[in-house]
Amino acid sequence: MIDFEKTIDEIIEAAHHRREMEVIKEQAASGKSIILFGAGNCGHIVYRFLEQEKVPVAAFCDNKLAGNVDGETNVKIIGVEELKADPESFFVLICVADEPIYQTIYVQLMELGFDGKQCLFMENYIERIPIDFLVENKEKYKRVFDLLADEISREVYMERIKRVFLLSDISHVMRPAEEQYFDQKVGLTDQEVFVDCGAYIGDTAMEFIKRAEGKYRQIYMFEAEASKFKQIRENLAGYSYKLYPYGVWSDNTVLCFDADGSSASKVSDHGTGIQVEVVALDNVEFEETPTFIKMDIEGAEKEALLGAKNMITEHHPKLAICVYHRWEDLFELPLLIKEFYPDYKLYIRHYSDHFAETVCYAI
């Protein structure tokens, strides 16, 4: 039996004694200027951790953005050549999440006269959340923990919390990737009406058809990125389905969209110049009443659930909802689902060896 309070206290204690942060503090105390190489998302996450630990950042360094001032932190952004004059005076945190880019930066630094002891790779921080977030939201995490329907879910839930606050290993609770969205708790029948929100290339629909042994009533697919439609048609040739060329949201509107050609395309405040139509599931006139809804829509899950409130309240379809795109998702989405229909049983499963691919099932 997992003791929630004790485990959370242990996580908070461990988070304040991470070795890499102690190394950074030691370097700063010795007079080294702390440089964050990479002014993107990872760099800003690391900056927030250092700010929390009261470690001053001298500058960002970025090969593309040099000469600017970072708009979020008001910290200057320098070029790599500015580190050349006195390498011994700097301690560089390489803040990128892409291994090839990291290797390029590392080579640059070595060519400038740095050695490996003057650098620290911070790639894992891209998925780490400041411990203050856990302290502030402890009771919400606890509410979800208490609502979970089985011990496996409670173990996975706590390990998932450890992962994002401590970067601990989560592989021991990882389920096979092919089971994602289709845990045995789902219990498919030959009368399913499957709604696939974030259809991508139809891969999830194909897995659904396989697991349903080709016996189902209908598949409704929602995919906002037009470049995926051809492959969807090819992958599902010969099968019954209906494709809606929309994203899923809390109401019917038009939003900006980041369309990068990958499975991570998403709604964005600015997007890449592409606008897409989005719809609320409650506003769609389905010919068949949905019995099973899957959502993997890159952070839009909360809005999409709000747009399906009536459907969930009245018909309580089975749900497989991704709860990892936003920090708040791990507690906000399960609580929202239970608010809509209190009789749901909630299960948590995880399908990767990092922070992503956590699914909440409501059955």
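Observations on the structure shown:
- Output for region 75-107, where each listed residue is of a type in the set (V, I, T) and either within 17 Å of V46 (Cβ to Cβ) or without any contact (Cβ under 8 Å) to a residue 24 or more places away in the chain (or both): V75, I77, I78, V92, I94, V96, I101, T104, I105, V107
- Some residue of region 60-74 being without any contact (Cβ under 8 Å) to a residue 60 or more places away in the chain, within 11 Å of I35 (Cα to Cα) and more than 31 Å from the chain's Cα centre (by Cα): no
- Residues of region 280-339 classified as in a helix (DSSP H, G or I), among the acidic types (D, E) and closer than 25 Å to R160 by Cα, total: 5
- Residue count for region 296-317, restricted to those that are loosely packed, with under 15 Cβ neighbours inside 10 Å and within 21 Å of the chain's Cα centre (by Cα): 0.
- The set of residues in region 149-164 that are surrounded by fewer than 20 Cβ atoms within 10 Å (Cβ to Cβ) and either of a type in the set (A, V, I, L, M, F, W, C) or at pLDDT below 95 (or both) comprises A149, I152.
- Residues located in region 337-358, provided they are under 17 Å from I297 (Cα atoms) and not hydroxyl-bearing (S, T, Y): I337, H350, F355, A356, E357
- Test: residue in region 241-255 that is modelled with pLDDT under 95, closer than 22 Å to Q180 by Cα and open to solvent by less than 50 Å² (accessible area, probe 1.4 Å): no
- Residue count, region 318-363 (criterion: in contact with a strand residue (DSSP E or B) (Cβ under 7 Å, 6 or more places away or on another chain), among the charged types (D, E, K, R) and open to solvent by less than 10 Å² (accessible area, probe 1.4 Å)): 1
- Exactly one residue out of G79, G67 is among the small types (G, A, S) and within 22 Å of Y106 (Cβ to Cβ), and it is G79.
- Count of residues meeting criterion [part of a helix (DSSP H, G or I), surrounded by fewer than 19 Cβ atoms within 10 Å (Cβ to Cβ) and either of a type outside the set (D, E, K, R) or within 18 Å of the chain's Cα centre (by Cα) (or both)] in region 121-133: 5
- Residue selection: D169 satisfies the criterion of being surrounded by fewer than 19 Cβ atoms within 10 Å (Cβ to Cβ) and either touching a strand residue (DSSP E or B) at 6+ places or on another chain (Cβ under 8 Å) or outside any helix (DSSP H, G or I) (or both).
- So Q118, is it more than 19 Å from the chain's Cα centre (by Cα) and crowded, with 17+ Cβ neighbours inside 10 Å: yes
- Flag if I129 is touching a strand residue (DSSP E or B) at 6+ places or on another chain (Cβ under 7 Å) and under 20 Å from I45 (Cβ atoms): no
- Boolean, F60 is open to solvent by 40 Å² or more (accessible area, probe 1.4 Å), under 30 Å from H325 (Cβ atoms) and among the aromatic types (F, W, Y): no
- One residue alone among T189, T204 is of a type in the set (S, T, N, Q) and touching a Gly at 6+ places or on another chain (Cβ under 9 Å), and that residue is T204.
- Failed criterion for I35 (all others in (1) in contact (Cβ under 8 Å) with a residue 60 or more places away in the chain; (2) buried (at least 16 other Cβ atoms within 10 Å of the Cβ) hold): (1)
The values are calculated or read from the model by the stated rules, or taken from the named source; none is laboratory data. Computed from a prediction, not measured in an experiment: that's the story for all the values here. Note that we place each Cβ from the backbone using ideal geometry, even for glycine, and neighbour counts take in every protein chain shown. Just so you know, the surface numbers come from the protein's heavy atoms only, side chains and all, with ligands and any DNA or RNA stripped out. Shrake-Rupley method; radii C 1.70, N 1.55, O 1.52, S 1.80 Å.
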